[in-house]
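First the structure, in the form of structure tokens, and then the observations on it.
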Amino acid sequence: MRTPTAGILDSMKFGVLVFPGSNCDHDTYNVIENLVHEPVTFLWHASEDLEGCDAILVPGGFAYGDYLRTGAIAKFAPVMQAVKKFANKGGLVLGICNGFQILCEAGLLPGALMRNASQHYICKQIHLRTESTASPFTHGLGQGQVLKMPIGHMDGNYFCDEATLATLKSQDRIAFRYATKTGEITSAANPNGSLESIAGILSEGKNVLGMMPHPDRSSESLLGSADGLMLFEGMAKSLATV
């Protein structure tokens, strides 16, 4: 256990949502408990009690079997009603893969995640370029910094209308774009056909981040990359200043 950084809240606590079909909940829990070294608890989908958590993590998987469409049923879960209230008050929320899909369905982030352009499930390591460092998640990254993370999804093709895209750009809310390992934005580096290679976006208050790549699966070097850990550490450091 590390010595807490000066200023870190003694009561800092992370919550990991668990839906029927979640399969990255334990991965995400492991990062917070064993790598970030902060208290963390699982939050069951049928409960509206966030148990005093200071940050909420919505993990990857197939919530409710992805029936109807990804995230369409999960948005009605009692826990998501509490998460919406939490986020609307400025609480930190990170949605990963299926979590990103759920946040879009719940209206906490704009746009939608459609079927991959290839019509195939894609699972591989990719690179993404940091587009915004002005958030509690990315403030520890450099502008244009390239990260290596895996993806694993069938419906990761981000889309929004022109007005929404213009707003995302003008408000610096595009967090990440798919890129080459040298940071170039190319069609070949875009694995799923996402609009303008968007891999992650922020809410208007920048306290909610949704992304398709998995920082939870790239937080230890033995997994092929530890780049994802920087996002979780960024959240902890942001909470430390509250």
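None of the figures in this text is laboratory data; all of them are computed from the coordinates on show. Being a predicted model, the structure only gives us computed values, none of them experimental. Neighbour counts are summed over all protein chains in view; Cβ atoms, including those assigned to glycine, are modelled from backbone coordinates with ideal geometry.
Points to keep in mind about this one:
- Relative to one another, the C-alpha centroids of segment 26-102 and segment 110-169 are positioned 19 Å apart.
- Helical runs (DSSP H, four residues minimum) scored at -39500 (n - 2.57) apiece and divided by the length of the chain put the mean residue ellipticity at 222 nm at -5500 deg cm²/dmol.
- Taking segment 14-240 and dividing mean pair separation by its residue count, relative contact order in percent (alpha carbons under 8 Å, at least six apart): 20 percent
- Unsatisfied cross-links (Cα-Cα over 23 Å) in the set 75/169; 206/237; 13/85: 75/169
- Under 5 Å, built H, 5+ apart or other chain: amide partners of residue 37: none
- Ascending count of other beta-carbon atoms within 10 Å, so fewest first, for 149, 12: 12, 149
- Its Kirkwood hydrodynamic radius, worked out from the mean inverse distance over all distinct Cα pairs, puts segment 116-242 at 14.7 Å.
- Interchain or long-range residues, amide H under 5 Å from residue 220's placed H: 225
- The lysines whose alpha-carbon is closer than 22 Å to the alpha-carbon of residue 181, local same-chain residues fewer than 8 away aside, are 124, 148.
- Equivalent ellipsoid dimensions for segment 1-127 as semi-axes, Å, which come from the Cα gyration tensor, largest first: 26, 18, 13
- Net charge contributed by nearby residues that have their C-beta within less than 14 Å of residue 202 (K/R +1, D/E -1): +1
- Space enclosed by the convex hull of the alpha-carbon atoms of the chain, per residue, Å³: 114 Å³
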